[in-house]
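Note sheet for the following structure.
Readers should treat all values here as calculations from the given coordinates under stated rules, not as data from a laboratory. Computed from a prediction, not measured in an experiment: that's the story for all the values here. Cβ atoms come from the backbone with ideal geometry, glycine included; neighbour counts cover every protein chain shown.
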Amino acid sequence: MDSLKIKGGRPLKGDVEISGAKNAALPVMAAALLTGGAHSLKRIPNLRDIATMGKLLSYMGAEYHYDQGAVTLETSRIKKHEAPYDLVKTMRAAVLVLGPLVARFGNASVSLPGGCAIGARPINLHLMGLEKMGARITLESGYVHARASRLKGATICFDMPTVTGTENLMMAACLAKGTTVLENAAREPEIVDLADCLAAMGAKIYGAGESTIEIQGVDELRPIAAYAVIPDRIETGTFMAIAAACAGDVTLKGCRPDHLDSVIMKFKDAGVAFHETKKGLRVVGPRRLTARDIKTTPYPGFPTDMQAQFMAMMTVALGTSVVKETIFENRYMHVAELKRMGADISIEGGIATIRGTEKLKGAPIMATDLRASASLVVAALCARGESIIHRIYHLDRGYDHMDEKLRGIGAQVERIKSS
């Protein structure tokens, strides 16, 4: 497994091009299963998860090609309606093929995703929704089997907002007979992006981005034509954290600041300056950050996917901050690694208290999940001395050539290839 060697304490200045959003690209790729034909997607990041989704679609019979941010898919000859365990176990988003397969072909078999390093993320809300739409659901040998001659519109109220559940049922409802209403739906920008893509395919969707979404089913859709996904708001937020923690001056090109209102507000409170320019969003970190508290909540609140990066910032802030994680129960695994670097963090009752120190110290550390690995990069860049981050395959799942982008703004970063 590759590692990153980072020598911290260097001034960071320059431009970073923000890639397309992984969490927007994956459902859009799955949406290609809703109809046969040649699909063209743009601004698709070069990530492990994207490659895995490509392998899954190829396994089903699609022709898949990736070239410098462009994906082409031919889905006329889908023969297998199954997502096998060997692929699903490496990427939970593979469950997004369930809704499109049932909607178009009337059957699907998808391996249960299994455990997750950051906590339980069950798909029971996906299955509940499909059952309400008339699908027969059975569980056998670790697989979900769904059958329906044709899905029917229904009113579905989620117990709690679920991003992939909203996406899965929104896609399934596009080809259902009648109208489907999703209540207490997720409101993330990636939901809106998928709805925009589906609308370009001929779907009739109203209210995406709000808590109630209405989908009027149609008989058929047309292939995706040169659709470009939105920029990645979490990559944007991660580079904001890097600039903030390192007193940097970094311009983020091609980002969408309006997707990060809650994050930018907290960063400003901590002393970070933002300037919208012709090139993009300029982020200027203060000489030292001021401690601030956060609580993660569903969008438009502070995102759980930015919690670890914000905590890394707070380890070098002036004062004491409190972080409360409300989305995933195991999302403090980065704490032990940050403490190896000299961070003063204590956890009690699901609440992390961070007492800022002037400088972290470089150390060998290990990534445990995607966003935890990003927080370790933030910490290593602002630490004194050298750090080696092991198991960065987690980082490669969600960040497009992060090491190259960091070198472009002056960071001393070296990828150590595994033997």
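Okay, here's what the table says:
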item	result
Mean separation of Cα contacts under 8 Å (6+ apart) over length of the range 1-160, as relative contact order %	17
Relative contact order [Cα under 8 Å, 6+ residues apart], the chain, whole percent	22
Estimated distance in nm for a label pair at GLU210 and LYS89, the labels positioned 7 Å out from Cα along Cα-to-Cβ	4.4
Two-decimal Rg to Rh for the range 22-228 - Kirkwood Rh, Cα set	0.92
Charge dipole magnitude, Cβ of K and R +1, D and E -1 - the chain, Cα centre, debye nearest 20	700
Structure-based [θ]222 nm, the chain - -39500 (n - 2.57) summed over DSSP H runs of at least 4, per residue, nearest 500	-9000 deg cm²/dmol
For GLY9, residues with placed amide H under 5 Å, excluding near neighbours	CYS382, ALA383
Relative exposure of ASP396, ASP344, judged by other C-beta atoms within 10 Å (fewest first)	ASP344, ASP396
Most mobile listed residue (MET366, MET160, MET311) in the chain, GNM with C-alpha springs under 10 Å	MET160
Acute angle (nearest 10 degrees) that the helix 370-382 long axis makes with the longest principal axis of the chain, alpha-carbon atoms	20
Nearest-ten-degree value, helix 163-174 long axis tilted from longest Cα axis of the chain	30
DSSP-defined beta bridges in the chain - what % are antiparallel, rounded to 5	70
Label-point separation in nm, ALA51 to GLU140, each point 7 Å along Cα→Cβ	3.5
